[in-house]
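The structure appears below as structure tokens.
The values are calculated or read from the model by the stated rules, or taken from the named source; none is laboratory data. From a predicted model like this one, the values you see are computed outputs, not experimental measurements. Cβ coordinates were reconstructed from backbone atoms using ideal geometry, including for glycine residues, and neighbour counts include every protein chain displayed. Remember, those area values only see protein heavy atoms, side chains included, never the ligands or the DNA or RNA. Shrake-Rupley method; radii C 1.70, N 1.55, O 1.52, S 1.80 Å.
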Amino acid sequence: MSSAESEPRQRLFFALWPEESLRRELQRLLTGEPFKGAAGRQVVPENYHITLRYLGPLTREQRACAERVADTLRGEDFQLTLDRVGYWPGPRVAWLGSAQVPAALRRLVEALEKGLESCGFEAERRPFQPHLTFLRKARPKGLPVSVSPIVWPVDRFALVRSRTLPESVRYDVIRSWSFDGTVK
Ligand code: 2AM
């Protein structure tokens with residue numbers, strides 16, 4: 001086995017990662033009255049996030065290239081209004097999303113995608129649909145269609161590591177970047 005093959009990989013993704021106060025606001029909403037009738041396994045609030053680009057298990061070199069792409073990205077702050085609830089029957093997840101996706105968010109994801117191409121990452125085939133998964137093994141019955149909006153002021157994005165533990169999954173922010181190019 002070559003050293004590249006034996007090297008441990010990290011499962012990584014770029015995401016919007018909520019600040020503590022927003023995380024609590026999301027928790028209040030998603031565990032509150034409108035969701036009392038929903039069936040499924042609740043995602044723990046510490047894991048709430050919105051994936052921008054899933055990267056998969058990466059070698060050290062691939063991770064370094066993805067970080068260099070993030071280093072060069074510039075953009076504008078924006079507000080993401082979370083106001084709708086969706087359900088995907090395939091993966092059986094319920095999620096919180098936006099009726100309107102801000103143009104600045106689309107540009108950010110497109111710029112990431114383009115940069116990652118230069119690292120040799122396979123293109124993401126699925127169209128970007130920002131979603132915060134809050135129920136897994138979910139059923140659509142009992143879910144509200146819309147909710148009172150939560151406004152997320154977005155001024156940075158993060159590189160997150162995913163680890164599967166015996167009973168759970170754990171996400172850790174490795175680095176984050178603001179849109180003026182400074183590392184937070
Ligand atoms: P999900 O919330 O819809 O399950 C970490 O696993 C994050 O990356 C999750 O937000 C998950 O989306 C997303 N993710 C996991 N595997 C993925 C894949 N193969 N393609 C795209 N996104 C994925």
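Helix 20-30 against the longest principal axis of the chain: what's the angle in degrees, Cα atoms only, rounded to the nearest 10?
40 degrees
Pulled fully out, how much extra length does the chain show between Gln42 and Val145, if you take 0.36 nm times their separation in residues and subtract their Cα-Cα distance? Write out the running numbers ahead of the final one.
Values: separation 103, 0.36 × 103 = 37.08 nm, distance 1.76 nm.
That pair, Gln42 and Val145, stretches by 35.3 nm at full extension.
Could you run the Karplus curve 6.51 cos²θ - 1.76 cosθ + 1.60 with θ = phi - 60° over the stretch 57-69 and give me ³J(HN,Hα) per residue in whole Hz, x for Gly and Pro?
Values per residue, Gly and Pro as x: x, 10, 6, 4, 5, 5, 4, 4, 5, 4, 5, 5, 4 Hz.
Give a residue-ordered list of calculated ³J(HN,Hα) values for the stretch 156-161 (Karplus: 6.51 cos²θ - 1.76 cosθ + 1.60, θ = phi - 60°; whole Hz; x for Gly, Pro).
3J(HN,Hα) across the stretch 156-161, in whole Hz: 6, 9, 10, 9, 10, 9.
Under a plain spin-label model, where a point goes 7 Å from the Cα along Cα-to-Cβ, how far apart in nm are Ala99 and Glu19?
2.6 nm
Out of the stretch 1-103, which trypsin sites (Lys or Arg not before Pro) are coil in DSSP terms and have no more than 16 other C-beta atoms within 10 Å? Walk me through the intermediate numbers first.
Numbers: sites: Arg9, Arg11, Arg23, Arg24, Arg28, Lys36, Arg41, Arg53, Arg60, Arg63, Arg68, Arg74, Arg84, Arg92; in loops: Arg9, Lys36, Arg74, Arg92.
Of the trypsin sites (Lys or Arg not before Pro), the ones in loops of the stretch 1-103 whose Cβ has at most 16 other Cβ atoms within 10 Å are Arg9, Lys36, Arg74, Arg92.
Could you tell me which of rounded, prolate or oblate describes the stretch 75-115, using a ≥ b ≥ c as the square roots of the eigenvalues of the alpha-carbon gyration tensor, with rounded for a/c under 1.5 and, failing that, prolate when a/b is larger than b/c and oblate otherwise? Write out the running numbers ahead of the final one.
Values: a/c = 3.95, a/b = 1.57, b/c = 2.51.
Since a/c reaches 1.5 but b/c is at least a/b, the shape of the stretch 75-115 is classed as oblate.
If exposed means no more than 12 neighbouring beta carbons inside 10 Å and the site is in a DSSP loop, what's the longest run of the chain without any exposed GluC sites (Glu not before Pro)? Write down the numbers at each step before the final one.
On the way: sites that count: Glu19, Glu122, Glu167.
Here the longest run is 20-121.
Compute the distance in nm between two label points, each set 7 Å from the Cα along the Cα-to-Cβ direction, one at Arg126 and one at Arg9.
For Arg126 paired with Arg9, the spin-label model returns 1.8 nm.
Is it possible to state the helix-based mean residue ellipticity at 222 nm for the chain, with each DSSP H run of 4+ residues giving -39500 (n - 2.57), the sum divided by total residues, to the nearest 500 deg cm²/dmol? What is it?
Details: 4 runs with 44 residues, N = 184.
Estimated from H runs of four or more residues: -7000 deg cm²/dmol.
Taking a probe of 1.4 Å, how large is the accessible area per residue of the stretch 3-178, in Å²?
Values: 9860 Å² over 176 residues.
Counting only protein heavy atoms, the per-residue value for the stretch 3-178 is 56 Å².
Under the definition of Cα pairs under 8 Å and six or more residues apart, what whole-number percent is the relative contact order of the chain?
Details: 333 pairs, mean separation 59.3, N = 184.
About 32 percent, as a whole number.
Cα centroid distance between the stretch 10-35 and the stretch 94-168, in Å?
Distance between centres, Cα-based: 11 Å.
Give the long-range amide H neighbours of Trp152: residues separated by 5 or more places, or on another chain, with amide H under 5 Å away, using H modelled in the peptide plane at 1.01 Å from N.
Here the answer is Leu80, Thr81, Leu82, since their amide H atoms fall under 5 Å of that of Trp152.
Using amide H atoms built 1.01 Å from N in the peptide plane, name the residues 5+ places from Arg11, or on other chains, whose amide H lies under 5 Å from its own.
Long-range HN contacts for Arg11: Leu58, Ser162.
Which shape class applies to the stretch 94-170: rounded if a/c is under 1.5, otherwise prolate when a/b exceeds b/c and oblate if not, where a ≥ b ≥ c are the square roots of the Cα gyration tensor eigenvalues?
Cα axes put the stretch 94-170 in the oblate bin.
Counting only protein heavy atoms and using a 1.4 Å probe, what share of the accessible area of the chain belongs to carbon plus sulfur, as a whole percent?
On the way: 5160 of 10510 Å².
Its accessible area is 49 percent carbon and sulfur atoms.
Any chance you could run the full-extension gain for Glu67 through Thr81? It's 0.36 nm times the residue separation minus the Cα-Cα distance, nm to one decimal. Kindly include the intermediate steps, with their values, before the conclusion.
Details: separation 14, 0.36 × 14 = 5.04 nm, distance 2.75 nm.
That works out to 2.3 nm of additional length.
Residue-wise, which Karplus ³J(HN,Hα) couplings in Hz belong to the stretch 120-125, taking 6.51 cos²θ - 1.76 cosθ + 1.60, θ = phi - 60°, and x for glycine or proline?
x, 6, 5, 5, 6, 8
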